[in-house]
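The values are calculated or read from the model by the stated rules, or taken from the named source; none is laboratory data. All values derive from a computational prediction rather than experimental measurement. In this analysis, Cβ positions are derived from the backbone assuming ideal geometry, glycine residues included, and neighbour counts consider all displayed protein chains.
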Amino acid sequence: MKKTMMGNYAASWGAQLARVQVIAAYPITPQTLIVEKLSEIVADGDLDAEFIKVESEHSAMSGCIGASAAGARAYTATSAQGLALMHEMLHWAALARLPIVLTNVNRAMAPGWSIWADQNDSLSQRDTGLMHIFASSSQDILDSTILGYKVSEQVLLPTLISFDAFFLSHTVEVVDMPPIEDVDKFLPPYNPEYKLDVNDPRSFGALTSEEHYYEFRYKMQVAMDQAIDIIKKEGKEFEKLTGRYYDLIHPYRCEDADLILVTSGTIAETTNVAVDELRDEGKKVGNLKIRIIRPYPKQDILNVIKNCKKIAVIDRNISCGYHGIFAQELKSALYNETDIPVWGYIAGIGGRDVKIENIKEIADDTLKSDTPEDLIWKGVKL
């Protein structure tokens, strides 16, 4: 069934199709519409779930942790300062190995107070132990919510799904909603081996020493490594169901490219159009969309970029004191593997629009340049 909907509503309907059982809701612009729609879905009887109205984002994640620990499929959504307030509990959710799915609408961190798109909020949670998806369309949001639970419940790690504020959250697109019966076959009920149960008491999250804690982290890393193959496998199963395939990365016209642009989020979709125009101009440029940054798809990236001559990363984020985070991750992955030079560009911070002509300028500048620069700001107005 095809419906027109905003990106936020795609997240809501994705949670409904996944048959979440507990929703912990706290509103924050531009995420509010997600939990508002879910409240309507629950009130209308289209989803049998507990809808918990909490007093903060910290409490929202705490509620999800309790629900997931008790064996329920739990969901919440937030943005920016709200995600930052959750930070402590994100560590808890990941180390407790709870397969919660969390949606974050990427919004710039304050001050100045902003509600516009910027990836620093979710990338600040990069090292908490969550798997991390960057959706680039409303269809991607809905499908990733279903896939998030399918993968999370196998590797026992939470999943964070991020997408750009307003460029995607409030933009209306046509979305194909798979029949609930098909989703039920793909995503069976969550039934964990270990959960809070008065008839089978266990200890969860208790004090531990260095004798055991070290292995907790080791097992999280093993789970992340295992997730790479599981993401691919479940992506192919989902393709059988819907005709849509989702991988960790999505290359576009990269096979013979001299220059590969590396992008994420909605900038990736704009870049595909820019690549087509650059190709029409006789310039061999491709686009590599990074859809999942945790687990990091190092080998997949190496397979795509191995024959290109230059790489330019476009980051809608900044690790102040160094450079863009996706560029930083890519350089780390390429070290000792290849000598392909990498240019790092910052664009779109705080919701600044990144247009086709901006991306073409980045490509042209990189093609003309002989020496890579770590950090190049595009569009600064001083």
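Can you tell me which of (1) farther than 27 Å from Ile161 by Cα; (2) outside any helix (DSSP H, G or I) is the one His250 doesn't meet? Looking at each condition in turn, His250 falls short on (1).
Summed over region 149-181, residues that are farther than 26 Å from Ser122 by Cβ and free of Cβ contacts under 8 Å to residues at least 60 places away in the same chain total 1.
The single condition from (1) touching a Lys or Arg at 6+ places or on another chain (Cβ under 7 Å); (2) buried (at least 24 other Cβ atoms within 10 Å of the Cβ) that Ser152 fails is (1). Taking Val105, is it surrounded by fewer than 18 Cβ atoms within 10 Å (Cβ to Cβ), over 25 Å from Pro189 (Cα atoms) and of a type in the set (A, V, I, L, M)? Against the criterion (surrounded by fewer than 18 Cβ atoms within 10 Å (Cβ to Cβ), over 25 Å from Pro189 (Cα atoms) and of a type in the set (A, V, I, L, M)), Val105 does not qualify.
Quick check: anything in region 269-288 among the hydrophobic types (A, V, I, L, M, F, W, C), within 26 Å of Asp127 (Cβ to Cβ), part of a helix (DSSP H, G or I) and touching a residue at least 12 places away in the same chain (Cβ under 8 Å)?
No, region 269-288 contains no residue that is among the hydrophobic types (A, V, I, L, M, F, W, C), within 26 Å of Asp127 (Cβ to Cβ), part of a helix (DSSP H, G or I) and touching a residue at least 12 places away in the same chain (Cβ under 8 Å).
When region 50-65 is filtered for residues that are touching a Leu at 6+ places or on another chain (Cβ under 8 Å) and either not polar (S, T, N, Q) or not assigned by TED's automatic domain parsing to the domain that holds Tyr149 (or both), the ones remaining, listed by number, are Phe51, Glu57, His58, Met61, Cys64, Ile65. As a summary of the residue check, Ser319 satisfies the conditions (1) of a type in the set (Ser, Thr, Tyr); (2) within 30 Å of Val222 (Cα to Cα); (3) touching a Lys or Arg at 6+ places or on another chain (Cβ under 9 Å) except for the one numbered (3). Of all residues in region 311-352, those satisfying the criterion of being part of a helix (DSSP H, G or I) and not aromatic (Phe, Trp, Tyr) are Ile325, Ala327, Gln328, Glu329, Leu330, Lys331, Ser332, Ala333, Leu334, Ile349, Gly350, Gly351.
Quick check on my filter: what residues within region 161-176 are crowded, with 24+ Cβ neighbours inside 10 Å and among the aliphatic types (A, V, I, L, M)?
Scanning region 161-176 gives Ile161, Ala165, Leu168.
I'd like the full set of residues that are within 18 Å of Ile65 (Cα to Cα) and either in contact with a Gly (Cβ under 7 Å, 6 or more places away or on another chain) or without any contact (Cβ under 8 Å) to a residue 40 or more places away in the chain (or both), limited to region 198-212. Even if it seems obvious, please write down each step before you answer.
So in region 198-212, the residues within 18 Å of Ile65 (Cα to Cα) come out as 198, 201-207.
Residues satisfying the conditions are Val198, Pro201, Arg202, Ser203, Ala206, Leu207.
The criterion of at least 1 residues that are at pLDDT 95 or above and within 16 Å of the chain's Cα centre (by Cα) is met, among strands (runs of 3 or more DSSP E) falling completely within region 1-103, by 74-78. Listed conditions (1) of a type in the set (A, V, I, L, M, F, W, C); (2) within 25 Å of Asp118 (Cβ to Cβ); (3) out of contact with any Ser or Thr (no Cβ under 9 Å at 6 or more places or on another chain) are all met by Ala15, apart from (3).
Cβ-Cβ distances below 9 Å connect the following pairs, each with a first residue in region 13-31 that is within 22 Å of Gly82 (Cβ to Cβ), a second residue that is part of a loop (DSSP other than H, G, I, E, B) and polar (S, T, N, Q), and a separation of six or more residues or different chains: Tyr26/Ser56; Ile28/Ser79; Thr29/Ser79; Pro30/Ser79; Pro30/Ser169; Gln31/Ser79; Gln31/Ser169.
Among the residues here, Ile260 does not qualify as surrounded by 11 or more Cβ atoms within 10 Å (Cβ to Cβ) and under 20 Å from Leu130 (Cβ atoms).
Here is a yes/no grid of residues against (1) more than 19 Å from the chain's Cα centre (by Cα); (2) surrounded by 21 or more Cβ atoms within 10 Å (Cβ to Cβ); (3) under 16 Å from Lys283 (Cβ atoms); (4) not hydrophobic (A, V, I, L, M, F, W, C):
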| residue | (1), (2), (3), (4) |
| --- | --- |
| Ala312 | yes, yes, yes, no |
| Gly321 | yes, no, no, yes |
| Gly324 | no, yes, no, yes |
| Leu330 | no, yes, no, no |
| Thr338 | yes, no, no, yes |
| Lys355 | yes, no, no, yes |
| Ile362 | yes, yes, yes, no |
| Asp365 | yes, no, yes, yes |
| Ser369 | yes, no, yes, yes |
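Here Ile228 fulfils each of the conditions (1) touching an Asp or Glu at 6+ places or on another chain (Cβ under 9 Å); (2) part of a helix (DSSP H, G or I); (3) farther than 20 Å from Gly129 by Cβ apart from (3). All conditions but one from (1) without any contact (Cβ under 8 Å) to a residue 60 or more places away in the chain; (2) closer than 29 Å to Tyr335 by Cβ; (3) surrounded by fewer than 17 Cβ atoms within 10 Å (Cβ to Cβ) apply to Lys236; the one that does not is (2).
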